[in-house]
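As structure tokens, the structure follows; a few thoughts come after it.
Just so it is clear, none of the values below were taken in a lab; they were calculated from the coordinates. Keep in mind it's a predicted model, so treat the numbers as computed, not measured. We place every Cβ from the backbone using ideal geometry, glycine too, and count neighbours over all the protein chains shown.
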Amino acid sequence: MKNFISRYCIVRDSKINLNGKIIFEQETDLNSFLINAYRKFNINYAKFFKMDLLCKLAFIGSEILVKETGMLSKYKGNEIALVLSNRASSLDTDRNYLKTIENKENYFPSPSVFVYTLPNIMIGEISIRNKITGENAFFVSEKFDPELLFNYANSLLASDKTNCVLTGWTDVDKENYDAFIYLVEKTNPYPGTEHDKNQISALYYKG
Amino acid sequence: METLQQLEEKLKIQLIQQLNLAEIKPENIVSDAPLFGDGGLGLDSIDALEIIVLIEKNYGLKIVNSEKVKEIFYSVRTLADHIYQNQKP
Amino acid sequence: MPQKVFVTGMGIISAIGNNTSQNLKSLLETVPGISDIEILETVHKKKFKAGEIKYSNRQLAELANCNAENFTRTALLGMIAAKEAANHAKIKDFSDDKMGFISSTTVAGMCLTELKYPDFLHSKINGSFIELNDCGDSTECIADFLGIKNNITTISTACSSSANAIMHASRLIRMGKLNRAIAGGTDVLSKFTLNGFHSLQILDENWCRPFDENRKGLNLGEGAAYLVLESEEEINKNVKKVICEIKGCGNANDAYHQTASSPEGTGAFLAMQAAIQTAGIKPEEINYINAHGTGTSNNDLTEGVALKKIFGKNIPAFSSTKSYTGHTLAAAGAVEAVFSILALNNGMVIPNLNFSDPVSELGIVPEKKITRQDLKYVLSNSFGFGGNCSSLIFGKV
């Protein structure tokens, strides 16, 4: 059974790339970059500002794809699966949270920072925003693993419960960031790419 | 000793910073408007916990999560009032 | 044709025992493991109770027969439990390319980092501990310890992690990608999580009271557990003893809040529904539910709402075993999978401790004492922050 990568978004090196076209570019710190992208794309969601960098990054990537593909009008919330991965887990926020409990004499653990010390919260944020209630998983690996995501997406699509999978890699560690999020569907709505390991790899590396 | 009104203005700035209310300016927050729920600042349960931390950190006051919390946290005014009444000199 | 998946081995270490038979004994004798914190150095030592494993890292290393210096507590617990599972299943070839290892954790090496980081920042010590921080470290240590070379994966989805590890392993075997896998998770107590959960105000200063009207929150716990899963074909080839079948599994997102569950129990409902559907059974065929039942105001209410939606007036016997072990975070799914399987094979419903009055909005009552009955299917729930909800169904063979 063939599946298709219908659309992809890469956020890397101060650029946002949608299907090979640069749609936003700005050389600045990651937080400002993501906030300015949020404003550029007229995303109206106040909760965005509460998110940590990792969730902001995943959120921007998913917002762009959701708008571009119209997936929410094509699929019901429980038909969409979310499978993401990264290397650093929630390390960036772990450090920030640790700062709030480091000093025995002056410690104020922050609940809002603690909430983000799990990498799968980014999936939660995307689900909450878009009312996506399908299957969801998060993997931590040393580097981007096309085979893992390929197998997982295919197994989900082989069931009759899942009809599209938003998947990819979203990694943040201080100012080092790398996001590659793509949509896999059963049918090919646009001139898309066949969903296979080599294609996934090629898109990730060449962008 | 600052006035209650000065405390309210200071609180607004602190709330915006602590709760990441980036799209909101202090002058947009009405002192006696509800903080939580629809029509308020749209704060949620995590924000309430974060305000508890803010009060302890900045004013040395411990607030235990009980029924009284709803009254104290109703608006910037009730929050400022609570701090004003109980703040250690 | 998708293969059936069976469990051929299990291993566990928790606050109620160092291995499966010790855990079973504690369950049978109704001996919980939640106590004052002794080993974790924290300012909250006298304030909170936890399901702490009363062994220092050095003692755990002795149990695992390795050098304590090279491993985090997370890795050590995982090594002990995974080894027991592997021995139980009598695995001979760990380096087979159709053998896999799927582990999970949330604390990972933070238990060590939080101790060493301040000194490292002030240049008092070197940063070698940093290499042990990441989630993948404990996975690789355990894989290395057992000699597993291929198909090594780490999952991190908060409190549903190890349930998802079991689900993922089960799917890989069903698809024919693997013949055999060890799947589960490990997590330890840490200042990081103790302070974090405290800041969310969901910890109970006394023993947790799952599904009780006056519940105040959870007790944290630590532990590790792993199942060995094998395909039907592999079992027939090697004439292996089977412990139970992985009958069904389901996962869904609650899509409501980062840390709280929706009042409708949407995620829990969808996960249980999916598990029951994939099992190809009817809800009334489930004999016992090992609930997520953390003892928080929010979870027990929303899980109860979901149970009522699935089972109507006929909710099967249910209980939360977190009243024995505390909430072991990423390890919870696998720890409770082991308990569900022990319940299944010993024909016993494990009681829900510290219960007095039902949640007034629900009116449902968990099992209060050990009940002996023939069990055919047991459902186990694990719901994590980020709305990740998973359910597993184990079937008697």
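At a glance:
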quantity	calculated
The range C:202-325: Lys pairs at Cα distance under 26 angstrom, eight or more positions apart or on different chains	15
Alpha-carbon centroid distance for the pair the range C:2-72 / the range C:188-210, whole angstrom	18
Phi-based couplings in Hz for the range C:2-18 (Karplus 6.51, -1.76, 1.60; Gly and Pro marked x)	x, 6, 6, 10, 10, 9, 10, x, 9, x, 7, 9, 8, 5, 10, x, 8
Helical mean residue ellipticity (222 nm; -39500 (n - 2.57) per DSSP H run of 4+; nearest 500) of the protein assembly as shown	-11500 deg cm²/dmol
DSSP-defined antiparallel bridges as percent of all bridges, the protein assembly as shown, nearest 5	70
Among beta bridges that DSSP assigns inside chain C, antiparallel share in %, nearest 5	70
Average projection area in nm² (convex hull over Cα atoms of the range C:5-238, one quarter of hull surface)	13.9
26 Å Cα-Cα reach of B:K10 towards lysines, excluding residues that sit fewer than 8 places from it in its own chain	A:K47, A:K50, A:K99, B:K25, B:K57, B:K62, B:K68, B:K70, B:K88
Positive-end residue of A:Y97, C:I350, C:S123, charge dipole of the protein assembly as shown with Cβ unit charges	C:I350
Proximal charge balance of C:Y377 [Cβ under 14 Å; K/R count +1, D/E count -1]	0
Cβ charges +1 (Lys, Arg) and -1 (Asp, Glu), total dipole of the range C:5-238, debye	220
Cross-link partners of C:K149 among aspartates and glutamates (Cα-Cα below 16 Å; sequence separation of 8 or more within a chain)	A:E142, C:D93, C:D96, C:D97, C:D137, C:E140
Assigned charges on the beta-carbon of Lys, Arg, Asp, Glu; chain C dipole about Cα centre (debye)	720
Shape call, chain A: gyration tensor on alpha carbons, a/c limit 1.5	prolate
For the range A:157-172, Karplus couplings with θ = phi - 60° (6.51, -1.76, 1.60), whole Hz, Gly/Pro x	6, 5, 7, 8, 8, 10, 10, 8, 10, 9, 9, x, 9, 9, 10, 9
Those aspartates and glutamates that a straight Cα-Cα span of less than 16 Å connects to C:K4, excepting residues fewer than 8 apart in one chain	C:E230, C:E232, C:E233, C:E234, C:E245
At 0.692 mPa s and 37 °C, Stokes diffusion of the range C:93-215 via Kirkwood alpha-carbon radius, µm² per second	198
Of A:K186/C:K177; C:K25/C:K396; C:K98/C:K396, those spanning more than 23 Å from alpha-carbon to alpha-carbon	C:K98/C:K396
Protection-proxy order for peptides A:89-97, C:112-120, each taking the mean of Cβ atoms within 10 Å per residue, highest first	A:89-97, C:112-120
Centre separation in Å (Cα based) which lies between the range A:134-207 and the range C:244-267	22
Cα convex hull volume per residue for chain B (Å³)	89
Rg over Rh [alpha-carbon atoms, Kirkwood Rh] for the protein assembly as shown	0.96
Magnitude of the charge dipole, the range C:1-110, Cβ model with Lys/Arg +1 and Asp/Glu -1, debye to 20	240
Stokes-Einstein D (µm²/s) once Rh is taken as the Kirkwood radius of the range A:52-118 over alpha-carbon pairs, at 4 °C in 1.567 mPa s	90
For chain C, radius of gyration divided by Kirkwood radius, i.e. Rg to Rh on alpha-carbons	0.95
Amide hydrogen neighbours beyond the local backbone of C:F318, cut-off 5 Å, H modeled	C:I289, C:E367
Local electrostatic count at C:A15 - Lys and Arg +1, Asp and Glu -1, tallied over other residues with Cβ under 11 Å	+1
Cα convex hull of the range C:248-395 - mean projected area over all directions, nm²	7.5
Using θ = phi - 60° and Karplus 6.51 cos²θ - 1.76 cosθ + 1.60, couplings along the range C:342-359 (whole Hz; Gly, Pro as x)	4, 4, 4, 7, 9, x, 9, 8, 7, x, 9, 6, 6, 9, 10, 10, x, 4
